[in-house]
1. Considering only the stretch A:77-95, state which residues are surrounded by fewer than 20 Cβ atoms within 10 Å (Cβ to Cβ) and farther than 20 Å from A:ASP60 by Cβ.
2. Can you say whether A:ASP60 is within 11 Å of chain E (Cβ to nearest Cβ) and in contact (Cβ under 8 Å) with a residue 60 or more places away in the chain, as far as the supplied structure shows?
3. From the residues in the stretch A:2-21 that are in contact with a strand residue (DSSP E or B) (Cβ under 8 Å, 6 or more places away or on another chain) and within 19 Å of A:GLU84 (Cβ to Cβ), which one is most open to solvent (accessible area, probe 1.4 Å)?
4. Please go through the stretch C:10-43 and pick out each residue that is buried (at least 19 other Cβ atoms within 10 Å of the Cβ) and touching a Leu at 6+ places or on another chain (Cβ under 9 Å).
5. Considering only residues that are at pLDDT 80 or above and not in a loop (DSSP other than H, G, I, E, B), which ones fall in the stretch A:105-153?
6. Only one residue in B:VAL105, B:VAL93, B:VAL70, B:VAL83 is aliphatic (A, V, I, L, M), open to solvent by less than 40 Å² (accessible area, probe 1.4 Å) and farther than 25 Å from B:ALA261 by Cα. Which one?
7. Any idea how many residues of the stretch E:158-177 are facing another protein chain (nearest Cβ under 10 Å), open to solvent by 40 Å² or more (accessible area, probe 1.4 Å) and closer than 25 Å to E:TYR232 by Cβ?
8. Quick test for you: out of B:ALA79, B:ALA51, B:ALA99, pick the one residue that is modelled with pLDDT of 85 or more and away from every other protein chain (no Cβ under 14 Å).
Amino acid sequence: MTGPLTLDMVAGKMKEFGNSELVRKNRIRITTTPDKVHDTIKTAQAMLGCDRLITISAVDNTRTLELIYHLTGPHRMVLSIAIELTRDQPAIPTTSDILPPAAIYERQIHDLFGITFTGNTNLNRIMLNEDWPANEFPLRKDWKPGPDTFYGGIKVERT
Amino acid sequence: MTDPVSGLIYILIFPGFLFLFLYALFLAFLDRKIAARMQQRVGPPFFQPFADFIKMLGKEVIDPAGVDRVIFDAAPLVALAAVMTAYLYIPIVGNSPLAFQGDLVVVLYLMSLPTIVLFLLGWLSRNIFSAIGGIRSVTQLFIYEVPFFLALMTPALMAGTWSISEIVIWQQKNMWFVFLQPIGFIVALIGLQAKLERTPFDIPEAETEIVAGPWTELTGRRLAIMDLTVDVSFVVGSALIAAVFLGGPLMPWAVTPAWLAVVVGFFLFLAKTLAVLLILSSIKVATGRIRIDQLNDIGWKYIASASIVQVGIVLVMNYLWVYA
Amino acid sequence: MSVLREMFENLLSRPITILYPKEKVPIPGAFRGRVAITDEKCIGCSKCSLVCPARAITMIDGPREVEFNGKTLNRKKRPQVKLYKCIRCGLCERHCPTGAIFLKNELSSSGTDGEIVVT
Amino acid sequence: MAVPAAGMSQRLVNWARMKSPWITIFNSGACNACDIEIIACLMPRFDIERFGMLVKGSPRHADILIVTGHVTLKQASRLRRVWEQIPEPKYVIAMGACGASGGVFHGLYHMMDCVDRVIPIDVYVAGCPPRPDEIINGVVTCLNLVHEDAAHGGKEWRQKKAVPVTGTDTNICKVVP
Amino acid sequence: MPEVVVSIGPHHPALKEPVNFKVVIEGEKIVRLELDLSYNHRGVEKAAEQRDFIRVLPLLERVCGICSHAHSTAFAKGIEEIMQLEVPPRAQYIRTIIAELERMHSHLLWLGVAAHVIGFNTLFMWTWRDREAVQDTVEEMSGNRVHYGMNEVGGVRRDLTPAQVTAALERLPNLEERIKKYVDMVNSEETMLIRFRGVGKLSKEEALRYGTVGPTARASGVDYDTRKDDPYLAYADVPWNVVTDTNGDVYGRTRVRIGELWESLKIVRYCLENLPEGPIRVTAPRNAPTGEILSRYEAPRGELAHFIRTNGTDKVERVDIRTPTLANWTSVAICLVNQNLADLPVIVAAIDPCLSCTSRITLLDSQTKKTGVMSFDELIRRNRSRDQGLVRP
């Protein structure tokens, strides 16, 4: 699978998972649902030769949380697999078993957005201080540093 | 050594401890300066090691908790005393008045004491980096000590004496050992580099791996004295090599007035130690650090066998030439 | 053995070090150095303080009559830059309509007082 | 300035302190720029070894702590600990805008904003990052401070913000003899 | 032999940036390692959501001091694509010149640091001396040695004058000669060879599997290079080659980086000689339309990806920065197992870690056995009984 990837090929393979669209040159976006993400990535790996994970991006669009998996491969196209999660108790099966580098990105997203990746046994504190409060996720839109909050044993004053 | 006053002057002032102190600091400066110039830098001013030494003496001394303070204070002094004692047996101007049969062995023994002290300090620091550094320094001691001893033993074998002064006299009569035993000379230089823990053998204090090894927890005067010990070891080591391989302060021909002989001998000593310094500094600048397992391989495979080959050659030469 | 050769060449040649306090390091004309303000030109528009990413610029009282586009304006404020807070990004210079605030090609200072301001 | 009668040995030690400042770099969460500029100071172009400066890995050997950058919450306690490991007399230089006040990262959620909230700063160096010659200026300013402190017998004489040592680089770079 | 845990960092001479490795060693062999990269977390991504496009560029530039142009270009490029701005070719060329000069200074810096971690200080000094020529060029063009501040949405801030172009072109032959010397040194210098060869080996399959990027991947024979795969700036016009190597170890990564120095020099020369005339920027609208983009950029350390989502205002809704170092971390932990403790700095340095970009944690081994942890920090804490509390303002 080394030739260029066309939208028809991707759409054909991804028919059962969701609809595909060509957003701009070299970028194909597939919208799917959380329970199908594992199979979608497996299909992309097996059928479309996407052997590399560029990154997993998490976005808080104030209604839902979005996860976007960016995959690429020898064909040099970028496949973006987008899913939406609910804001309360967001959870999604892990992909670190099929894509080893995903483990790091998942931990980072878990720490900053509070999305649980079921199956990833190693979702420990990743970017924040040891004594950061457990239920505060700084990259969520509704999070604001409280004026009287103590982090790291230090009162953080905001101007 | 009949006159106690001149004996005291010999030990304390010239060419004893005061001269040794100043010369050690000067060599330390020269070492840094040569390295800097080879790297196209200006380098430190000439008083730099002296200023460092004085400053460290004036700094606060911190005792790491749970450390035996007496040993921590005493160990650097023991190391310094050992190398300074070793210095007295090496001929600087004429023969050493303290020379006796077997002082080569004593000097070699005293020169390995700083390494043991470093190990002790590293072990006592209760710091993981110091402990690793201490273990590494002892491992390294086991590797380089055998070839270094063998390399310095071969001149003694050929001269038929264990006294450094008599080895020098033998060289005055015959030939410098650097021409007779080039392999031994090279092995001795490498061994000295390893003994002084300079690149490529600065494994025990590898800055980028284990901070400063056994030195990590030393502060204030302890650090100053350990630093001075290394500088003094440099002088002692290079003087030893100059004496054993490069003919020491004596010339192959006789100089008639006694005072002139002393002066010329002293300048010969300076020139020879500076030559050794230049070689060692070049090695330091031109190489990177090797790993301890690589040192183990190289040390036992090549350096040790080279020194054994040298011993064999000397035995054959002795049989054919010296005692023939 | 190119290392050895270069080493000894260096040993015999002059070091390239610039002896800094004695001889100055050349500073290119485009260098973005210490911030400076020409008070006569400033019209007090506050653009610089709005655009500053480090929030180093505060507007203080500085009533003055200034010429701008042929008109005489009565400005109320003038900028004040905290020197040690300035990140020398040059955005104030880029967005200043009159060129009153700019970065000189001079070195900044160092000192014991962290609150020094440039006005 | 009132110079207390210092003994010969004390004057010798003061002189040595001026001539042999050993520095240790602590990156308290900076963006690397200050660090690479400090290392550029060591290089043949600037070569701060001619002032006797050495960069030491162990804070136990150092005299001057250079803090590069704003302090992240996690680094704050570490910075404090490293500062405590430095034997007296010790000096702290805050590098760049971040060290002085957080710079462009001012007010972010995982930061202390200023080194001054964790350890006392002696000298500020402006810039983001400072050029190597500005760093040298900063160290020289710090050495001048060492000299004055030695003359006054301690750090207590200078109240906070009492002695502005500022101006253009020409009058800063005057090394006190 | 008992297992000992050595805690290296966050303050350590080999690491110019705060990071913590908990290395489990047996003797001198590394059994496993746990990385802790969170000391540098600042919250840049949150801050980027709160600042407008003018003020966010200096912020993103300061994500990392070494690849500052990479971050700001990746962001500006993405926003321009969302706004559908046509950036003038002269601006693209100037951006390319700065980007390649940045790559050169970063690779020279890396070569020096790699030499430093094996204790070869002379090469360290020499590479950094030659790096000054690149720094001078950049400083003349942009006005700062490290944070260039050249980008703005819609183009570049400063134009190149003919005098600057000639001055830059004059510096290139000298650099070319030096790069030739480094090729020679790396291939002939014995201490470097024994410390670099066979250390931190990563096969092509592993490099692909663990998602490595940049010179680390290319040293293993993976020819992913964003500049070829997804051409941006002026890379489509410039003749140049992707450098790969088959060694897969630290030696291979050194060779790839030196080869890239060579290619960068070629690109800079081509761009300087063929600099098109015209404006250097177009005026960007204040607000960006709603849209999203994955902006890929080949930073000196590997592929940098900015995922940008805009929502019609003058601020981004989300910018997700995936740094090359983060992508390479997984492979480091794989390389390190069964290596010598003395090789740890070399292997870590070989991916050219840029932790201020990354500032993330990863804990590789989940079934950590309980061992006697002797961390440096704890020891120090025990050692000094002074006041540990923080100063309250």
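1. A:PRO93
2. Spelling it out, A:ASP60 is indeed within 11 Å of chain E (Cβ to nearest Cβ) and in contact (Cβ under 8 Å) with a residue 60 or more places away in the chain.
3. Checked the stretch A:2-21; the qualifying residue most open to solvent (accessible area, probe 1.4 Å) is A:ASN19.
4. Within the stretch C:10-43, C:PHE31, C:ARG32, C:GLY33, C:ARG34, C:VAL35, C:ILE43 qualify.
5. Within the stretch A:105-153, A:TYR105, A:GLU106, A:ARG107, A:GLN108, A:ILE109, A:HIS110, A:ASP111, A:LEU112, A:PHE113, A:THR116, A:PHE117, A:THR118 meet the criteria.
6. Only one candidate passes the filter, namely B:VAL83.
7. The total comes to 1.
8. Values: B:ALA51 fails: away from every other protein chain (no Cβ under 14 Å); B:ALA99 fails: modelled with pLDDT of 85 or more.
Only one candidate qualifies: B:ALA79.
The values are calculated or read from the model by the stated rules, or taken from the named source; none is laboratory data. Owing to the predicted nature of the structure, the values given are computational and were not obtained by experimental measurement. All Cβ positions, glycine included, derive from the backbone under ideal geometry; neighbour counts span all protein chains shown. These accessible areas exclude ligands, DNA and RNA; they are computed on the full protein's heavy atoms, side chains included. Shrake-Rupley method; radii C 1.70, N 1.55, O 1.52, S 1.80 Å.
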